[in-house]
Amino acid sequence: MSVDVRAVTESQFHDWQRALRTGFLRTPVVSDAEVADRLAHVDLARTLGAFDRDRIVATFRSFRQEVSTVGGGSLAADAITQVTVAPTHRRRGLLSRMMAADLAAAKERGDAVATLIAAEYPIYGRFGFGPASWVTEWSVDVRRTGLDPRRSGRPEDGGRIDLTEGEEIRKIGPELHRRLAGVRAGVTNRDARGWELGTGLGHQSEPWREPYYAVYRSESGEVEGYAAYTADDKWGDAKQPMNTATVRDLIAVTPAAERALWLYLCSIDWVVTVRSGYRAPDELLPLLLPDPRAARVLTHVDMLWVRVLDVARVLQGRAYPVEGSLVLDLGDRDGLAGGRYRLDASPAGAACVRTTESADLACDVAELAVLAFGDESAVRLARLGRVEEQTAGAAARADLLFRTPLRPFSPDIF
């Protein structure tokens, strides 16, 4: 019998959750309380299931999102999440069917891009997604940093760090997150539920452990950043502390806040290791340490994947450091955003229209996503064979237009 792909109903949501857990290799037991909590925050019209008779064998969900662009703008995004296929139904085209239905609906709604966090790298390129941001995680050996172990951790710039609770983070965090989106591309909006879950409210997928919250205030008293972290309780045989502090969330909207929070974390008594969590690859850590070798890279991996749906809005929705023009020939096997476009850009703004002019650069829409968010060199992509120069020197000109001083950063997994 054929497998039917359709939106799930409220009565089917329990089975959908169980199929989701099965696909992610989690215990396939779903409580009524979990179903009720999650059902209150999903759009069933955008919650798809693949049905083999009465059993759900694949899951797929999307929701509305905003993602920041270079220069502090934002784009309406179709955020894709909770994608699974049961091991009994792999390689039957179910993901392709669900993805095609969702992207067509997103295009019809007028979303500029689709976004996702990929569990596996090779899957989503064939649907036109490209890795638009990367993250790095460091492990810092505090004893090797070269920092004076007698220092207090108090900022030396006149600011201060205060310990607080999750209730205050829910109040001050949203504005800090919005300010971060103003200076970094790739930041996806964090709604009220995201702040609740991130501070221990609502149904938690794993047992909740309350973190410590440290808030940085400038000399004038303005809140410019905070860190949420946990610590273990590990002691060596010689009664020496060997504790690790693990950063769960850190938002800093000024360099002073970023420096102060990391130096604070490296000054906590009994902590000999600081795990940074996923951070922007160009974070001030580890170069702010007297000995940067104290920070060892644990992970460097792709984070936010972007699928362009509206070329003109994506290219007009970001800032450009210099004046220039490019004609781009974009391939799109799904026919959602391909074609030839002329971009005329300057620090004052940009215009992007379809054209019949000869192309300067040719690439797939997946590579356009990478370029548009400023995280990759067009010259490097050309050397990789993922961008093709149609006009000599066009890749170098594209670099001048697309590159940005700060790499995109996506602090939230969805």
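Taking label points 7 Å from Cα along the Cα-to-Cβ direction, L201 and S96 give a separation of 4.5 nm. The label-point distance for F24 and L44, in a model that sets each label 7 Å from Cα toward Cβ, rounds to 2.1 nm. Around the Cα centre of the chain, unit charges on the Cβ atoms of Lys, Arg, Asp and Glu (plus for the first two, minus for the last two) sum to a dipole of about 720 debye. When nucleic acids and ligands are ignored and a 1.4 Å probe is applied, T230 ends up with an accessible area of around 20 Å². Charges were assigned to the Cβ only: +1 to each Lys and Arg, -1 to each Asp and Glu. The resulting dipole of segment 247-297 about its Cα centre is roughly 140 debye. Taking all protein chains as shown and a probe of 1.4 angstrom, V42 keeps an accessible surface of around 30 Å². The GluC sites (Glu not before Pro) of segment 63-127 that DSSP puts in a loop, and whose beta carbon has at most 12 other beta carbons within 10 Å, are E120. Counting only DSSP beta bridges whose two residues both lie in the chain, roughly 85 percent are antiparallel. Taking Cα centre as origin and charging only the Cβ of basic (Lys, Arg, +1) and acidic (Asp, Glu, -1) residues, the dipole magnitude of segment 1-76 rounds to 200 debye. Inter-part distance, segment 291-307 to segment 74-122, computed on C-alpha centroids, equals 25 Å. Which residue, Y226, Y341, V85, has the largest displacement toward the positive end of the dipole of the chain when charges sit on each Cβ (Lys, Arg +1; Asp, Glu -1)? It is V85.
Among complete DSSP H helices in the chain, those whose alpha-carbon atoms stretch at least 24 Å along the helix's long axis and whose mean Kyte-Doolittle hydropathy reaches -1.0 are 166-183. Considering only I268, I169, I80, the Gaussian network model of the chain with Cα springs below 10 Å gives its largest mean-square fluctuation to I268. Note on R64 and R143: the model spin-label points, each 7 Å out from Cα along the C-beta direction, lie 5.4 nm apart. Loop sites here are trypsin sites (Lys or Arg not before Pro) outside DSSP states H, G, I, E and B with no more than 10 other Cβ atoms within 10 Å. The longest part of the chain free of them is 240-414.
Rounded to the nearest Hz, the phi-derived 3J(HN,Hα) couplings of segment 230-245 under the Karplus curve 6.51 cos²θ - 1.76 cosθ + 1.60 (θ = phi - 60°) are 10, 9, 8, 9, 10, 10, x, 4, 8, 6, 10, x, 9, 7, 10, 9, where x marks glycine and proline. Of all the options A372, A260, A238, the one that moves most in a Gaussian network model of the chain with Cα springs shorter than 10 angstrom is A238. Taking all protein chains into account, the per residue accessible area for segment 349-414 stands at 47 Å² (1.4 Å probe). With a ≥ b ≥ c taken as the square roots of the eigenvalues of the C-alpha gyration tensor of segment 187-297, please select rounded if a/c is under 1.5 and otherwise prolate if a/b is larger than b/c or oblate if it is not? Because a/c hits 1.5 or more and a/b fails to exceed b/c, segment 187-297 counts as oblate.
Nonpolar atom fraction for the chain, defined as the carbon and sulfur part of the 1.4 Å probe accessible area, stands at 49 percent. Averaged per residue, what accessible surface does segment 1-99 expose to a 1.4 Å probe, in Å²? Accessible area per residue, segment 1-99: 50 Å². Values (1) 23.3, 84; (2) 23.2, 75; (3) 20.5, 63 are given for comparison; Rg and Dmax of the Cα atoms in Å, derived from the coordinates here, is the one labelled (2).
For the chain, adding -39500 (n - 2.57) for each run of n ≥ 4 DSSP H residues and dividing by the number of residues yields -7000 deg cm²/dmol at 222 nm.
The values are calculated or read from the model by the stated rules, or taken from the named source; none is laboratory data. Note that this is a predicted model, so its numbers are computed, not measured. Cβ coordinates were reconstructed from backbone atoms using ideal geometry, including for glycine residues, and neighbour counts include every protein chain displayed. Accessible surface is based on the protein model in full, side chains and every heavy atom, while ligands, DNA and RNA are left aside. Shrake-Rupley method; radii C 1.70, N 1.55, O 1.52, S 1.80 Å.
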